[in-house]
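Report on the structure given below.
The values are calculated or read from the model by the stated rules, or taken from the named source; none is laboratory data. On a predicted model such as this, the values are computed, not experimentally measured, just so you know. Note: ideal-geometry Cβ built from the backbone for every residue, glycine included; neighbour counts use all protein chains shown.
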Amino acid sequence: MPNIIKVFSGNAHKQMAQEIAAHLQLPLSEAEVKKFSDGEIFVEVKENVRGTDVFVVQPTCTPVNDHLMELVIMVDALRRASARRITAVVPYYGYARQDRKNAPRVPITAKVVAEMFMAVGVRRVLCMDLHAGQIQGFFNIPVDHLYAAPVVLKYIKENFSDVIMVSPDAGGVERTRAFAKRLNSGLAIIDKRRDKPNECEAMHVIGDVAGKVAILMDDMVDTAGTLCAGAATLLKNGAKEVHACCSHPVLSGPAIERINNSELKSLVVTNSIPLRAEARKCEKIKVLSVSELLADAINRIHNEDSVSYLFV
């Protein structure tokens with residue numbers, strides 16, 4: 001590969017950035033990212049980037065605001081250093097859950113973040129499993145939207161049989177149906193009612209899960225209330241056992257305690273977000289790497305090849 005490609009990383013997920021660079025057979029480029037004593041973020045690019053094709057790997061995970069600012073400040077530094085093109089590689093896109101006005105006087109933060117990226121000089125975005133696919137339309141620049149499906153499907157095929165794919169809510173039916181189709185399995189939906197943010201009550205199951213290995217599919221797991229309540233409901237409806245697969249392990253608040261105390265046999269996630277120490281100790285959590293998938297996409301973007309090849 002020509003040396004005009006460079007991979008940078010903020011502090012959000014250096015391990016993933018190093019894995020991506022290794023797959024590309026490149027060194028991870030040097031940049032200093034630190035804070036002043038008052039909390040302001042300072043970035044200094046430590047090597048020449050003039051005329052290069054730059055990829056900045058930075059999921060905007062917790063602490064979201066710090067990692068978001070690291071990304072936009074690094075992009076500004078690279079643009080002022082005359083990088084030819086800057087692509088933001090954002091495996092987890094923070095603020096994505098607020099993607100529309102669902103109540104009076106609320107923001108659309110997914111759009112705000114998109115505007116920030118474009119304002120500082122991002123010229124392309126590479127992301128994975130957006131909370132809502134239409135977020136791509138918030139950008140006036142190219143967006144390559146990857147899915148963790150190839151990695152997750154491979155794991156399911158190798159480790160489970162006689163499965164039924166289950167959507168934890170109506171919003172995830174399209175995603176779950178796509179998995180069910182490729183696994184040639186059945187589909188079920190959990191009807192739930194959400195009274196407050198991050199709180200839900202699983203009601204009943206639409207579909208026959210009796211005697212099956214039920215696999216709950218979601219794009220992210222935050223406080224794990226949805227998945228844990230869904231697992232209990234599926235077992236009450238005759239499921240043999242319940243597993244869950246999610247792309248983004250946000251795992252905030254009481255998530256780990258809930259998972260440990262739940263009926264879930266396992267929770268399969270990707271490394272789009274680094275696990276905190278408590279989550280790494282949880283024996284139910286299995287992490288799949290999407291670094292090679294992202295590296296392949298970066299290689300294709302750099303060489304102006306089609307990225308759709310990577311879709312299932």
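Some notes on this structure:
- Restricting the first member to the range 56-85 and to residues that are on the phi < 0 side of the Ramachandran plot, and the second to residues that are hydrophobic (A, V, I, L, M, F, W, C) and surrounded by fewer than 17 Cβ atoms within 10 Å (Cβ to Cβ), the beta-carbon pairs closer than 7 Å and six or more apart or on different chains are Val72/Met116.
- Among the candidates Val290, Val307, the residue that is in contact with a helix residue (DSSP H, G or I) (Cβ under 8 Å, 6 or more places away or on another chain) and surrounded by fewer than 18 Cβ atoms within 10 Å (Cβ to Cβ) is uniquely Val307.
- Those residues of the range 136-153 which are assigned to a loop (DSSP other than H, G, I, E, B), in contact with a helix residue (DSSP H, G or I) (Cβ under 8 Å, 6 or more places away or on another chain) and more than 19 Å from Asn271 (Cα to Cα), in sequence order: Phe139, Asn140, Ile141
- Here Ile108 qualifies as hydrophobic (A, V, I, L, M, F, W, C), surrounded by 14 or more Cβ atoms within 10 Å (Cβ to Cβ), closer than 27 Å to Asp222 by Cα and touching a Lys or Arg at 6+ places or on another chain (Cβ under 7 Å).
- Filter result for Arg276 (at pLDDT below 95 and of a type outside the set (Ser, Thr, Tyr)): yes
- Filter result (surrounded by 16 or more Cβ atoms within 10 Å (Cβ to Cβ) and either without any contact (Cβ under 8 Å) to a residue 12 or more places away in the chain or farther than 22 Å from His131 by Cα (or both)) within the range 241-259: Glu241, Val242, Arg258
- Odd one out for Lys101, checked against (1) at pLDDT 95 or above; (2) surrounded by fewer than 18 Cβ atoms within 10 Å (Cβ to Cβ): (1)
- Looking only at the range 293-304, and only at residues there that are farther than 14 Å from Pro150 by Cα and not aliphatic (A, V, I, L, M), the one that is surrounded by the fewest Cβ atoms within 10 Å (Cβ to Cβ): Glu304
- Residue count for the range 8-54 under the criterion of being in a strand (DSSP E or B) and either within 17 Å of the chain's Cα centre (by Cα) or among the basic types (Lys, Arg) (or both): the result is 3.
- Scoring Ala224 on the criteria (1) in contact with a strand residue (DSSP E or B) (Cβ under 6 Å, 6 or more places away or on another chain); (2) of a type in the set (A, V, I, L, M); (3) more than 30 Å from Thr52 (Cα to Cα) leaves a single failure, condition (1).
Residue by residue, here is whether (1) among the β-branched types (Val, Ile, Thr); (2) assigned to a loop (DSSP other than H, G, I, E, B); (3) modelled with pLDDT of 95 or more holds:
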residue: Ala77; (1), (2), (3): no, no, yes
residue: Thr87; (1), (2), (3): yes, no, yes
residue: Glu115; (1), (2), (3): no, no, yes
residue: Gln134; (1), (2), (3): no, no, no
residue: Tyr155; (1), (2), (3): no, no, yes
residue: Ile164; (1), (2), (3): yes, no, yes
residue: Val173; (1), (2), (3): yes, no, no
residue: Ala178; (1), (2), (3): no, no, no
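- Taking the criterion of being assigned to a loop (DSSP other than H, G, I, E, B) and more than 18 Å from Ala224 (Cβ to Cβ), the residues of the range 272-312 that qualify are Ser289, Val290, Asn303, Glu304, Asp305, Ser306, Val307, Phe311, Val312.
- For the range 2-15, the condition of being touching a Phe, Trp or Tyr at 6+ places or on another chain (Cβ under 6 Å) and in contact (Cβ under 8 Å) with a residue 12 or more places away in the chain holds for at least one residue.
- First in the range 27-43 and among the aliphatic types (A, V, I, L, M), second anywhere and loosely packed, with under 12 Cβ neighbours inside 10 Å and in a loop (DSSP other than H, G, I, E, B), Cβ under 7 Å, 6 or more apart: Ala31/Lys46
- Residues within the range 117-162 that are touching a residue at least 12 places away in the same chain (Cβ under 8 Å), under 30 Å from Thr52 (Cβ atoms) and not hydrophobic (A, V, I, L, M, F, W, C), tallied: 10
- Any chance Val151 is within 25 Å of Asp305 (Cα to Cα) and in contact with a Ser or Thr (Cβ under 8 Å, 6 or more places away or on another chain): yes
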